[in-house]
Amino acid sequence: MKNSNHHIVSALVENRSGVLARIAGLFARRGFNIYSLAVAPTDDSKLSRVTIVVDVETSLLNQVVNQLNKLINVVEIQELSPLDAVERELLLATVQCSTGKRSEIIQIVTALGGEIVDADISSLTIEMSSTPEKLDTLEELLNSYGILKIQRTGRVALPRLGYLAETVADSELKLA
Amino acid sequence: MKLTGAQALIKSLEHQGVEVIFGLPGGAILPVYDPILDSSIRHILVRHEQGAGHMAEGYSMATRRPGVAMVTSGPGATNIVTPLMNAFMDSTPLVVVTGQVATGSIGTDAFQECDITGITMGITKHNWLVKDPNEIPQIVAEAFHVATTGRPGPVLIDFPKDIANSAADYYTPGSVSLAGFNIQTEPDSNAVAAAADLILKSKRPVLYVGGGVLKSNASAALRILVEQTSIPVVTTLMARGAFPDSHELNLGMPGMHGTYTAVTTLQKSDLLIALGARFDDRVTGKISAFAPNAKIIHADVDPAEIGKVRKPDVVLLGECRRSIEELTRALTEKTSSSNEALPLNITEWHNTLKEWQQKYPLSYDRQASDVIKPQYVIEEISKRQKEGTILASGVGQHQMWASQYWKFNSPNTWVNSGGAGTMGFGVPAAIGAKVGRPDKQVWAIDGDGCFQMTAQELVTSSAEQIPVKIAILNNAYLGMVRQWQHMFYEERYSEVYLSPDLPDYVKWAEAMGAIAFRVDTPEEVIPTIEKANEIDDRSVVIDFRTDVTERVFPMVPAGAPNDDILVSPEHADGIIQ
């Protein structure tokens, strides 16, 4: 999961049909892989916030961000540096679990700050919301017990207060 | 006011000042064609929807007004995809209305249904699917605003049939305000000052003038800047006419088929002032070897162009015309308050350029008497052009020769397909230009391959009485491809031969209502051009049988550094370092 080419792009977009296709289309046109994507309405129902994690070199990313900024439905866009951002991600995982291992798994999950949200005779479903790195750790540990199904949401992020990163477009223009 | 959606659409177009629609009706757009009968807008019925799109482009390039086209759903819509892509590449403002199946049928694979907003997402500045008839005036206003504001470009309005038939509230649309569409028009004053400093320090500056100068109506401002500073100018394929060819500081076109002097001036410069140009690969050649010692000032209205190809030292983000004006003002102020002076003291640079121009002018065998040289035809038409003649062209060798040998002296007189390289652009674009400027003579230089792609629009020109003159440089080949096969594929000619006589161009043109001539010898060239120039009420087609073997020079092979420019074989040393 840790990859030096991972960049977080946060965009405020109009909440309309087709907007996601326009955004995704710009990535596809340049052959970039979207690593994760999270979209939901904001407090203003006309707007949604999109958080995109993309695997790309910085110079190429600037070009995509500039192009995204040209989309009429994109109201605001910025690249978030992980240092200047608060990031969270949600993980749901169903893990195979014999009676003997049950308390061991519960212990690990609780220690990392997760929760058991469902259980039956031979499996547990675990929920955890945390930083992507902590979720990586949990996923790795759960793997040794046998993950039956897993879904991660992809990260959502907001700039840290007082650290409001400048938009990439703006910083580009300050070259002069 | 209560109208039908169709009436509201036409009224909205009238409100935007639309005078002409190029189009072709069909099922889904049928309701919109009824109110056209009662409208002040002239509708020009094309023979193929691609023709409508290119005509709208030609109209726009000749007038600087947005071109408008209207077609039906499905195949009508997909037939206009190429013009949309072409307009997107060349930043031409177009508003295209496509019919769509009724909203309830969308997504059901209904007859002539097609997801045209999906298809054109990547080749329009924006597109709209109208879902509420009451939104029509506002959407049309937004469409024109987006198409014409900032870097111009095409937009598309997809118009479902039931929306056209339903009752709509017509109102005068308010001013357009789109949260995600903000254009910076004024360049930053610190950046302008920094640019002026770079200019005053430079020894080998050059103005790299692109299509943005035409789009922002900056020709006059550019001329003042040039005359004040004496900085030489190169005009890209999209900017021919932005600065007069008759001016001694105009070095011509740079790029793959640019003049030796324009190409080399960029290469050797120490300051490249890019005005509304985008460092296209056809201009830069191998990018890592492009203008290696030049600092870059990049003036553009589109932030996404800044640093896309070449990292600039100074950025003038804003309308090109404003950047040029501000730059001129800053230079005047700086020099009046210091011991620096205008025009710049760059005599040595001027002398070098003059040497290059004398040593490597554009050339072809002017003595040829047994065969018609295509360049000769272009030169002779150019010499006889009436004031303000507009020249259109297709894409290929003839286009490059036209750009090289035609003398452009005023802006918006050159209508060609640059970024997209759309064969078949010439005939419909010439017709569109003539519709926009009926007071001007319109010539097109076309190739035999290009002509065959869109010639049917000559029927439109005859039916609608839009007289244009088409010079086909008929070498019986897809000439540019042949040239590449000659030079890079060991003369293995694969699928490029077209035949000079099939079709019979004269008969074909006559069948479409045009007057047609065939010219086989050099002696007939001038008299036939003169005959054509005397005909004002009909389109004229001349089939010039030109030299098959002629190639376009200079040439920078694709992907090669610009220093590897190949000049005409007559300049014996071939590759110059």
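Derivation of every value follows stated rules applied to the coordinates shown; laboratory data play no part. Note that the structure is a prediction, hence the values are computed from the model and not measured. Glycine also receives a Cβ, built like all others from the backbone with ideal geometry; neighbour counts cover every protein chain displayed.
What the table shows:
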quantity	calculated
The protein assembly as shown - convex hull of the alpha-carbon atoms, volume per residue in Å³	197
Centre separation in Å (Cα based) which lies between the range A:12-71 and the range B:192-206	38
Peptide ranges B:189-197, B:471-479 listed from the most packed, as the mean C-beta count within 10 angstrom indicates	B:471-479, B:189-197
Label-to-label distance, nm, for residues given as B:S363 and A:K149 (7 Å Cα→Cβ offset)	7.8
Gap separating the Cα centres of the range B:100-168 and the range B:331-381, nearest whole Å	48
Cα-based Kirkwood hydrodynamic radius, the range B:2-169, one decimal, Å	15.2
Along chain A, longest interval not containing exposed GluC sites (Glu not before Pro), exposed being DSSP loop plus at most 16 other Cβ atoms within 10 Å	A:58-165
Prolate/oblate/rounded call for chain A, Cα gyration tensor, a/c under 1.5 rounded	prolate
Dipole in debye (nearest 20) - chain B, about Cα centre, beta carbon charges: Lys, Arg +1; Asp, Glu -1	960
Alpha carbon centroid spacing (whole Å) that separates the range B:437-503 from the range B:66-93	21
Qualifying trypsin sites (Lys or Arg not before Pro) in the range B:487-563, DSSP loop, other Cβ atoms within 10 Å at most 10	B:R492
Relative exposure of B:D245, B:D300, judged by other C-beta atoms within 10 Å (fewest first)	B:D245, B:D300
Dipole of the protein assembly as shown [Lys/Arg +1, Asp/Glu -1 at C-beta], most positive-end residue of A:I126, B:M253, B:F544	B:M253
C-alpha long axis of helix A:58-70 to longest principal axis of chain A, angle in °	70
Intensity falloff of the range B:189-359 expressed as log10 I(q)/I(0), Debye formula with alpha-carbon point scatterers, at q = 0.16 Å⁻¹	-0.86
B:D245 paired with B:E510, simple spin-label distance in nm, labels 7 Å along Cα-to-beta-carbon	3.3
Computed over the range B:2-169: relative contact order in percent, which uses C-alpha pairs under 8 Å that are six or more apart	29
Gyration tensor verdict on the range B:40-100 (Cα atoms; rounded if a/c is under 1.5, prolate if a/b is larger than b/c, oblate otherwise)	oblate
Relative contact order for the range B:407-469, counting Cα pairs under 8 Å that sit 6 or more residues apart, in percent	35
For the range B:282-296, 3J(HN,Hα) per residue [Karplus equation, 6.51 cos²θ - 1.76 cosθ + 1.60, θ = phi - 60°, Hz, x = Gly/Pro]	6, 8, 7, x, 4, 5, 5, 9, 7, 6, x, 9, 9, 7, 10
Reference-scaled alpha-carbon Rg (2.2 N^0.38 Å with N residues) for chain B	0.99
Simple label model, 7 Å out from Cα along Cβ direction - A:L158 to B:E534, nm	8.1
Value at 222 nm in deg cm²/dmol, rounded to 500, when DSSP H runs of n ≥ 4 in the protein assembly as shown each add -39,500 (n - 2.57)	-10000 deg cm²/dmol
Computed over the range A:87-153: relative contact order in percent, which uses C-alpha pairs under 8 Å that are six or more apart	51
Peptide B:309-320 - average C-beta neighbours from other chains (10 Å radius)	2
Sites B:N293 and B:N165, calculated FRET efficiency, Cβ-Cβ separation with R0 56 Å, nearest 0.05	0.30
Given charges at Cβ of Lys, Arg, Asp, Glu: chain B dipole, positive-most of B:T117, B:L327, B:G58	B:L327
Unit charges on C-beta of K, R, D, E only; dipole of the protein assembly as shown, Debye	680
13 Å cut-off, amide nitrogen to a point 7 angstrom out along B:A463 Cα→Cβ, residues in the range B:483-525	B:512-513
